[in-house]
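Here is the structure we will look at.
Read the figures in this text as sums done on the coordinates, not as results from a lab. What you see is a predicted model; the values in this text were computed from it and never measured. No Cβ is skipped: glycine too gets one built from the backbone with ideal geometry, and neighbour counts run over all protein chains shown.
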Amino acid sequence: MKQSYLNGIIVVLILIAAGLGWTLLSLNKPAQITEPSTTEVTDPIVADTESDTSTATDKRKPPRFIPGTTTQTEPVSADTETILDLTPGYLITVHIEPEQNPTVERQNWGTLNTLVNLANEYDMKLSLHFSASMASLVSQNMEFIDTVWKWERDGHEIGVHHHDPSHAAWDGYTDDASLIGSRGYLGTINEMMDLVSALSVDKTILTGSGTSNPDEWPEWVIYGSRGGSPPSYKQMVMPAETDVMGNTTVTFLPKAPFNVSMISAANSATYDRIEDALNDVDPDEYLGLTITDKTLDDQGLADLERVFQLYVDNNIQTQTIEVLLNR
Ligand SMILES: [Zn+2]
């Protein structure tokens, strides 16, 4: 009994010694352990080279995140949101002006089509603000309605453009009861919105421009673009501003007149002024332009194409107001 007990202890001791020896042997194989450290050293060098290259190619601005057209409906992670919040926004509002002459309105419709096609070529998104008169023209033609619905599906925005009775070219719509039945009167603000809403696939208009009178602002329109008085390139780069318009709290983004013939060259956002402004857009600011279908001629389209190319060269994509304010 005693002898076998001792034998047992010896066997256990031998086994422990063998285990220790094996452990020491495996610790004695350093050749493979050093390899990861060599790759770790090279990784930071690669990263440094990359960041050096990016600053060298784009020294003027921080790197941008360009949201795709469908980001609005996709869930956004907290990290992505932080990046987006730190990125300046770029927008182009198109004033589709009220027009009483049907022939001119048809010409403006043609201009609008050329404009949107040009924007699509450069993948720029437009905020298209329709007056009720153009909305009426479009609504009378199924092919035209299909075209505008396609523009919206392509990522452009359907908004409203309203000239209230104080405007030299009143569009005929107002909630001022004293003007019902007056010369040029066409209907209430709600009636105007019914016409414009028909141009949106889901019949929802969230964006507008034109009037600064809170009583004339359409109730459900929560986003807008606006410039100064007189309109000037000095309002090209601004942060978002919030104002109460009637019963609605509205967030406004800036707009500066580009190629609007009624605006003097001294006040216009020219190519050179836009190029200069690109260096001055802070992460919480927006660079906004306005163009109008009424005065956009061939030269205006050529000038606009230069701006689109300038944006492409600087990795800038314009976005709709709704997308910019929902990032
Ligand atoms: Zn206007």
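Residue order for 252, 130, 308, 144, fewest other beta carbons within 10 angstrom first, comes to 144, 308, 252, 130.
Listing 150, 255, 294, 125 from fewest to most neighbouring C-beta atoms within 10 Å gives 150, 294, 125, 255. Spin-label model, residue 169 to residue 104: label points 7 Å out along the Cα-to-beta-carbon direction sit 0.6 nm apart.
Taking label points 7 Å from Cα along the Cα-to-Cβ direction, residue 147 and residue 251 give a separation of 3.2 nm. Secondary structure note: in the stretch 78-325, about 25% of the DSSP beta bridges are antiparallel. Listing 139, 133, 178, 166 from fewest to most neighbouring C-beta atoms within 10 Å gives 178, 166, 139, 133. The Cα atoms of the stretch 142-288 give a gyration tensor whose axes a ≥ b ≥ c have a/c of 1.5 or more with a/b greater than b/c, which makes the shape prolate. Looking at this model, which pairs from 150/203; 125/150; 125/255; 150/255; 203/294 are more than 20 angstrom apart at the alpha-carbon? Long pairs (Cα-Cα over 20 Å): 150/255; 203/294.
Taking label positions 7 Å along the Cα-Cβ direction at both residue 242 and residue 303, the computed distance is 3.6 nm, reported to one decimal.
Annotation: extensible slack from residue 275 through residue 176 equals 31.4 nm (criterion: 0.36 nm per residue apart, minus Cα-Cα distance).
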